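Worksheet: the structure to be examined is printed underneath.
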Number of protein chains: 2
Amino acid sequence: MSEKIKVIKKIFAANEKIAEENAAVLEENQVFTVNIMGSPGSGKTSLIENTTLNLKDKLKIAVIEGDIQGSLDAERLNRLNVEVVQINTGGACHLNSSMIQSALSSLNLKTIDLLFIENVGNLVCPAEFLLGERLRIMTLSLTEGEDKPQKYPLMFTKCEALVLNKMDLAPFLSVNPEIIKKEAQKINPKLEIFPVSCTRGDGIKEFSEWLKKKISTL
Amino acid sequence: MSEKIKVIKKIFAANEKIAEENAAVLEENQVFTVNIMGSPGSGKTSLIENTTLNLKDKLKIAVIEGDIQGSLDAERLNRLNVEVVQINTGGACHLNSSMIQSALSSLNLKTIDLLFIENVGNLVCPAEFLLGERLRIMTLSLTEGEDKPQKYPLMFTKCEALVLNKMDLAPFLSVNPEIIKKEAQKINPKLEIFPVSCTRGDGIKEFSEWLKKKISTL
């Protein structure tokens, strides 16, 4: 086991080094980068779609799309006329900074204001790998239940904002969003929380405005 | 990277060896073991609760409960008067066979007919780690969307059955369960599919009957 731990430490250290390099390149080019993480089906792509529609007249937006395989989400995002780079992890359950480094080399960073990185659908592992981003945001679907902050605390700790999606389903669920908010902020008192419905568009304006303010600090 | 790959191969080989040992112990004691996997909030605990209520008059049931931290699900299951052993992975995103080996040593296997193992909520990593189980079952919530078989194919390949949960929400979603079935069986033509609603109990009887038949082959 000690060999395993040593290798894992080396992996994290190597990842962090490249993440710092990515961060420097992104800052130099004035690209504000957001790492979007969350369970499969929690609404990562839908959030990017909705926010892009809201902000694309004001900002030049691009997306790095992370999937184990395939390019379904990249095709969805392409329809919005934003530049999309697909990463296929080939089995890996998270993106790492070296994958992002490769992807960055195929983007014209000088022309980009806002870069979304959509991580692999996973509430656990992506939280452990910095990519060089300025902001980490997690999506959680209301349907996932009230107990997620307590069961998967690391993701809630590492993110600056929680987008609580599928609020339109609230009347049909025995899930209280207030409990999720309370438990999430117990773990991370600074966590900003945005209740949204990506299918109806509710709450997207508030989220987009918040994001725009963050970008203006770059 | 080659050092990393070597260590990963070693981890898988070590895991498989202990999984075989677990399988032998479980067979010797005539314990039918089911590994339940799926995304956070897809209904793993609810499926175990519902199936246990259906089968506990006929079979002696126990549960090994896997969580990163805490014991919320174990407390839920304890209310059903079944024996529950809690594993906390302390950060790890999946159970492995060595954790199961420890858990087995604290159960009186001679008295158990059916052992559920609830894995960590994750549609990716648990699929890679055999535990010594006889059957692998995945839960997917209808709210996760139609594209999950294409995006997370390994889990669909490794399981014998897919429990498609939260069917009661179908009228409020633009998700077609038939597309999920079709795509899942494209990846794994032998996959049995059970549409259920754990909140309403729909489909639980059919799933329990199927499981009981599987157990009778032990």
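The values are calculated or read from the model by the stated rules, or taken from the named source; none is laboratory data. None of the values given here were measured: they were computed from a predicted structure. Heads up, the Cβs are rebuilt from the backbone with ideal geometry, glycines too, and the neighbour counts pull from every protein chain shown. SASA here: full protein model, heavy atoms, side chains in, ligands and nucleic acids out. Shrake-Rupley method; radii C 1.70, N 1.55, O 1.52, S 1.80 Å.
Given a 1.4 Å probe and the protein chains as shown, A:Met167 ends up with an accessible area of around 50 Å². Note that region B:17-27 has calculated 3J(HN,Hα) couplings of 4, 5, 4, 5, 4, 4, 4, 5, 4, 5, 5 Hz, one per residue in order, obtained from phi through the Karplus relation 6.51 cos²θ - 1.76 cosθ + 1.60 (θ = phi - 60°); glycine and proline are x. Using the Karplus relation 6.51 cos²θ - 1.76 cosθ + 1.60 with θ = phi - 60°, the per-residue 3J(HN,Hα) values for region A:93-98 come to 8, 7, 7, 10, 5, 6 Hz, with x marking Gly and Pro.
Rounded to the nearest Hz, the phi-derived 3J(HN,Hα) couplings of region A:211-218 under the Karplus curve 6.51 cos²θ - 1.76 cosθ + 1.60 (θ = phi - 60°) are 5, 4, 5, 4, 5, 5, 7, 5, where x marks glycine and proline. Shape class for region B:29-158: prolate, because the ratio a/c of the largest to smallest gyration tensor axis (alpha-carbon atoms, square roots of eigenvalues) is 1.5 or more and a/b beats b/c. Projecting the Cα atoms of A:Asn165, A:Gln150, A:Pro177 onto the charge dipole of region A:98-187 (Cβ charges, centred on the Cα centre) puts A:Gln150 farthest toward the positive pole.
What is the magnitude of the charge dipole of the protein assembly as shown about its Cα centre, with +1 placed on the Cβ of each Lys and Arg, -1 on the Cβ of each Asp and Glu, and no other charges, expressed in debye to the nearest 20? Please report the intermediate quantities before stating the final value.
On the way: 54 positive and 56 negative charges, 46 e Å.
The calculated dipole for the protein assembly as shown is roughly 220 debye.
Within region B:25-103, the trypsin sites (Lys or Arg not before Pro) that combine a DSSP coil assignment with at most 11 other C-beta atoms in a 10 angstrom radius are B:Arg79. The amide H of A:Val85, built 1.01 Å from its N in the peptide plane, has A:Val63, A:Ile64, A:Glu65 as neighbours under 5 Å, considering only residues 5 or more places off or on other chains. Between region A:134-203 and region B:54-95, how far is it from one alpha carbon centroid to the other, in angstrom? Cα centroid to Cα centroid, the span is 25 Å.
Between rounded, prolate and oblate, where does the protein assembly as shown land on the alpha carbon gyration tensor, with a ≥ b ≥ c its root eigenvalues, rounded for a/c under 1.5, else prolate if a/b exceeds b/c? In terms of gyration-tensor shape, prolate. The charge dipole of region A:1-153, taken about its Cα centre with unit charges on the Cβ of Lys, Arg, Asp and Glu (plus for the first two, minus for the last two), comes to roughly 200 debye.
Taking amide H as placed 1.01 Å from N in the peptide plane, the amide H of B:Val196 sits under 5 Å from that of B:Leu164, B:Asn165, B:Lys166, B:Met167, each at least 5 places away or on another chain.
Annotation: B:Arg200 carries an accessible surface of approximately 150 Å², with a 1.4 Å probe and no ligand, DNA or RNA atoms counted. Shown for B:Lys17: label points 7 Å from Cα along the beta-carbon vector, and their distances to the equivalent points in the other copies, 3.2 nm in ascending order.
Spin-label model, B:Glu209/B:Ser174: points 7 Å from Cα along the beta carbon direction are separated by 3.7 nm.
Once you sort the root eigenvalues of the Cα gyration tensor of chain A as a ≥ b ≥ c, which label holds: rounded (a/c under 1.5), prolate (a/b larger than b/c) or oblate (the other case)?
Numbers: a/c = 1.60, a/b = 1.13, b/c = 1.42.
The shape class here is oblate.
Can you give the net charge of the other residues whose Cβ lies under 15 Å from the Cβ of B:Ala74, counting K and R as +1 and D and E as -1? Once all neighbours under 15 Å are counted, the net charge is -4.
When both bridge partners sit in region A:67-218, DSSP labels roughly 10% of those beta bridges antiparallel. Shielding by partners for peptide B:35-45, expressed as the average number of C-beta atoms from other protein chains within 10 Å of each residue's C-beta, is 5.
Here A:Pro177 yields copy-to-copy label distances, from shortest upward, of 2.7 nm, the label point defined as 7 Å from Cα along Cα to C-beta. Shielding value for B:141-152 is 6, the average number of Cβ atoms from other chains within 10 Å of each residue's Cβ.
Plainly put, the tip 7 Å out from Cα toward Cβ on A:Asn78 is 5.3 nm from that tip on each other copy, the closest given first.
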